[in-house]
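Down below is the structure, laid out as structure tokens.
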Amino acid sequence: MKKSTLFPYFFVVLLSTSCAQRSDSGINLPKTLDFTEELVIGGIQNPWGMAFLPDGGILVTEKSGKLYLYQSDKTIEINNLPEVYNRGQGGLMDIELHPNYTKNGWIYFSYASSEGDGKGGNTAIMRAKISDNKLVNKELLYKATPNTTRGQHFGSRLEFDREGYLYFSIGERGDRDVNPQDITRDGGKIYRLHDDGRIPTDNPFVGKNGAKTAIFSYGHRNPQGLALHPETGQLWEHEHGPRGGDEINIIQKGKNYGWPIITYGINYSGTKITDETSRPGMEQPLYQWTPSIAPSGMCFVTSDKYPKWKGNLLVGSLVFQYLERLEIKNNNVVYREKLLDEIGRVRNVQQAPDGYIYVGVEGKGVYRLVPK
């Protein structure tokens, strides 16, 4: 097992209100907790989502379209899933338990679906129950339109808040100049539903002509991280920028997060997307990564098993293949550390009810972080 390793970083706080706090490379600050990583579930090529059952079982989604239940050191495949459109970044993605799962048995998951008109697919949200190792009582709660054969930017994370509302993200599907700023179109948004799929009457665009009334916030690129802050209850989000400009945001009702009108990133070719990094009426990120780390999965640490990390934010990096720990004070990132250096593309990170942190790594499976 590899021990955690340190990452040379420093942070720069930009004092202008028109600029976000941003990352650069820099000095090394050794503050890490010593731990080992243990492979718990092997052989999963892309462990996109994880959900932890009250009896200790773990549900893990495989992007190609399979759902696994790990229990008592055995891995069982759950059958009777909906048809999954497995293309590019889309497939079977996140999974979440209902807050009252012990009473009602509902699980929620996001997946790319070809249901509806047009070729290709788009992000869908479904809930179901598990009986005899298969899905039953399947209910489609939301299906984004239009379908497209583009393979990028499906989103898609799920999170319940303390009031029982379901939030989910859908990326702008590669159509940046149309979808994220248009509330009459899906894509580039954070959405909010009741647990049964109904639209909350106080959603910000209810009553707006032609609006997608499930929308909660807009102007996003490709959000692949959602987590509730353990103290404030606020919904935190991170999303992929282009070349530079990955963001952490605190999601607020009806707010516009700017993509692609404002961004700290540039095109992959090196050309500018826009000259603007701020504009009145558009939200600034709490933090932005330049260079991009390609963030996926996020969780806050509340467990007593990691006392030095309590209150910290953990985020996976796909492109640099590590787990990042961020210390945050007064909504400013004051320290960053690289963990699990070169372990592989970190797709997801979650804190389980048993207090341990679990990390999904592409091509390997699910690891548990065990403090020494």
Q. Relative to the present Cα-Cα distance, how much length would full extension add between residue 165 and residue 206 at 0.36 nm per residue of separation?
A. 13.2 nm
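Classify segment 146-219: rounded, prolate or oblate, from the alpha-carbon gyration tensor (a ≥ b ≥ c, eigenvalue square roots; a/c under 1.5 rounded; otherwise prolate if a/b is larger than b/c)? Let's see the in-between values first.
Details: a/c = 2.34, a/b = 1.40, b/c = 1.67.
Cα axes put segment 146-219 in the oblate bin.
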Q) Rounded if a/c is under 1.5, else prolate if a/b beats b/c, else oblate: with a ≥ b ≥ c from the C-alpha gyration tensor eigenvalues square-rooted, which is segment 302-372? A) oblate
(Q) Testing the spin-label approximation: label points 7 Å from Cα along Cα→Cβ at residue 274 and residue 332. State their distance in nm. (A) 2.6
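Give the order of 50, 93, 282, 126 when sorted by the count of other beta carbons within 10 angstrom, beginning with the fewest.
Values: 50 24, 93 29, 282 17, 126 20.
Taking fewest neighbouring Cβ atoms as first place, the list is 282, 126, 50, 93.
With N residues in segment 241-372, what two-decimal value do you get for its Cα radius of gyration over 2.2 N^0.38 Å? Please report the intermediate quantities before stating the final value.
On the way: Rg = 16.1 Å, N = 132, 2.2 N^0.38 = 14.1 Å.
Dividing the Cα Rg of segment 241-372 by 2.2 N^0.38 Å gives 1.15.
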Q: Net charge near residue 214: determine it from the other residues with C-beta under 10 Å of the C-beta of residue 214, scoring Lys and Arg +1 and Asp and Glu -1.
A: +3
Q: Quick one: which residues, 5+ away or cross-chain, put their amide H under 5 Å from the amide H of residue 78? H built at 1.01 Å from N.
A: 67, 68, 69
Q | Members of 138/208; 189/364; 129/253; 103/138; 103/310; 143/305 lying beyond 28 Å, as alpha-carbon distances in this model show | A | 138/208; 189/364; 129/253; 103/310; 143/305
Q) Between segment 167-203 and segment 74-89, how many Å separate their Cα centres? A) 24
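So what's the convex hull volume per residue for the Cα atoms of the chain, in Å³?
Details: hull volume 50.3 nm³, N = 372.
Once divided by residue count, the hull of the chain is 135 Å³.
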Q. Pick from 100, 179, 133: which residue has the top mean-square fluctuation in a GNM of the chain where Cα pairs under 10 Å get a spring?
A. 100
Q: Per DSSP H run of n ≥ 4, the term is -39500 (n - 2.57); total these for the chain, divide by its residue number, and report the mean residue ellipticity at 222 nm rounded to 500 deg cm²/dmol.
A: 0 deg cm²/dmol
Q: First select every other residue whose beta carbon is under 12 angstrom from the beta carbon of residue 106; then total the charges, Lys and Arg +1, Asp and Glu -1.
A: 0
Q. Averaged over all directions, how much area does the convex hull of the C-alpha atoms of segment 279-343 cover when projected, in nm²?
A. 5.6
Q: Compute the length gained on full extension between residue 243 and residue 132: take 0.36 nm times their separation in residues and subtract their Cα-Cα distance, giving the result in nm to one decimal.
A: 35.4 nm
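Relative contact order for segment 9-371: what is it in percent, counting Cα pairs under 8 Å that are at least 6 residues apart? Mind showing how you got there, number by number?
On the way: 1019 pairs, mean separation 55.8, N = 363.
Relative CO of segment 9-371 lands at 15 percent.
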Q: For each of 123, 274, count neighbouring Cβ atoms within 10 Å of the residue's Cβ, then give the residues from fewest to most.
A: 274, 123
Q. Counting only residues 5 or more places away or on other chains, whose amide H sits under 5 Å from the amide H of residue 154 once H atoms are built in the peptide plane?
A. 171
Q: Quick one: order 64, 113 by neighbouring beta-carbon count within 10 Å, fewest to most.
A: 64, 113
Q. Taking amide hydrogens as modeled 1.01 Å from N in the peptide plane, which residues meet the under 5 Å criterion relative to residue 321, leaving out close sequence neighbours?
A. 346
Q: Compute the distance in nm between two label points, each set 7 Å from the Cα along the Cα-to-Cβ direction, one at residue 71 and one at residue 55.
A: 0.4
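A short reminder: the numbers here are calculations on the coordinates, not readings from a lab. Only a predicted model underlies this, so the values are computations on that prediction, with no experimental measurement involved. All Cβ positions, even for glycine, are placed from backbone atoms using ideal geometry, and neighbour counts span all protein chains on display.
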